[in-house]
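**Q** Sharing a structure, written as structure tokens. Questions coming.
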Amino acid sequence: MKTLRSNPKTAVKVQALRQSGTFNARAGAIRDRLFLEESFFDPQDLTQVKYEMLRRVQKDEMPISAVAAAFYKARRDFTREGLVGLIARRRGPKEGHKVTREIVSFVERIRSQEPLIGTPELVRRIQKEFAVMVHRRTVERALVAAKKKRGKP
């Protein structure tokens, strides 16, 4: 039975899998014989695990229930995007979506008129003016990003 041991090659591969978003953090939960006994099959490679699920249902004609409930999601993702669809992605918004350019301009205008105004007050004014609830850190990050875009230190 194959075990997940640490060695330099494994460490490099794990690092590459993490960087690509394809590291299977639940590799220890894989009980499939191929992934336990064959060195080719790597339970830490999430893309390989999902692809093998699809292959077994499609080519080996195994019952879906025997493979996994996750088959439906994997098949939908694969059909829509190919192999890339099997790669795990970060959930949720990928970038700021509440603090628009209009809100940043509004905050910058207030800050230029009232340099000592605090972030909690800015958050309150944003809510009043735009009917949008934002966290103070979101406002702070948006201001830093706007400053960087303009090239100011």
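The values are calculated or read from the model by the stated rules, or taken from the named source; none is laboratory data. Here the structure is a predicted model, which means the values were calculated and not measured. Heads up, the Cβs are rebuilt from the backbone with ideal geometry, glycines too, and the neighbour counts pull from every protein chain shown. For the accessible areas, the whole protein counts, side chains as well, though only heavy atoms, and no ligand, DNA or RNA atoms are used. Shrake-Rupley method; radii C 1.70, N 1.55, O 1.52, S 1.80 Å.
**Q** If each of SER39 and THR10 carries a label point 7 Å out from its Cα toward its Cβ, how far apart are those two points in nm?
**A** 1.3 nm
**Q** Using a 1.4 Å probe on the protein heavy atoms only, what accessible surface does GLU61 show? Give it in Å² to the nearest 10.
**A** Only protein atoms counted, so the area is about 150 Å².
**Q** Per residue, how big is the convex hull of region 37-120 when only Cα atoms are used? Give it in Å³.
**A** Values: hull volume 15.0 nm³, N = 84.
It comes to 178 Å³ per residue, whole-number rounded.
**Q** Please compute one quarter of the surface area of the Cα convex hull for the chain and express it in square nanometres.
**A** Numbers: hull surface 57.5 nm².
Spelled out: convex hull of the Cα atoms, projected over all directions, averaged, 14.4 nm².
**Q** Relative contact order for region 22-153: what is it in percent, counting Cα pairs under 8 Å that are at least 6 residues apart? Walk me through the intermediate numbers first.
**A** Working: 91 pairs, mean separation 20.4, N = 132.
Relative contact order of region 22-153: 15 percent.
**Q** Based on C-alpha coordinates, I'd like the Rg and Dmax of region 90-153, in Å.
**A** Every Cα atom of region 90-153 included, Rg and Dmax give 11.9, 39 Å.
**Q** Report, in debye and to the nearest 20, how large the dipole of the chain comes out about its Cα centre when Lys and Arg carry +1 and Asp and Glu carry -1 on their Cβ. Numbers along the way, then the final one.
**A** Working: 35 positive and 17 negative charges, 126 e Å.
Using Cβ point charges on Lys, Arg, Asp and Glu, the chain gives about 600 debye.
**Q** Here's something else I'd like to know. What is the distance, in nm, between label points placed 7 Å from the Cα along the Cα-to-Cβ direction at GLU140 and at ALA29?
**A** About 3.5 nm separates the two model spin labels.
**Q** So, taking all protein chains as they sit and a 1.4 Å probe, how much accessible area belongs to HIS97, in Å² rounded to tens?
**A** Accessible area, nearest 10 Å²: 120 Å².
**Q** For region 115-140 and region 14-62, what is the separation of their Cα centres, given in Å?
**A** A separation of 46 Å, based on Cα centres.
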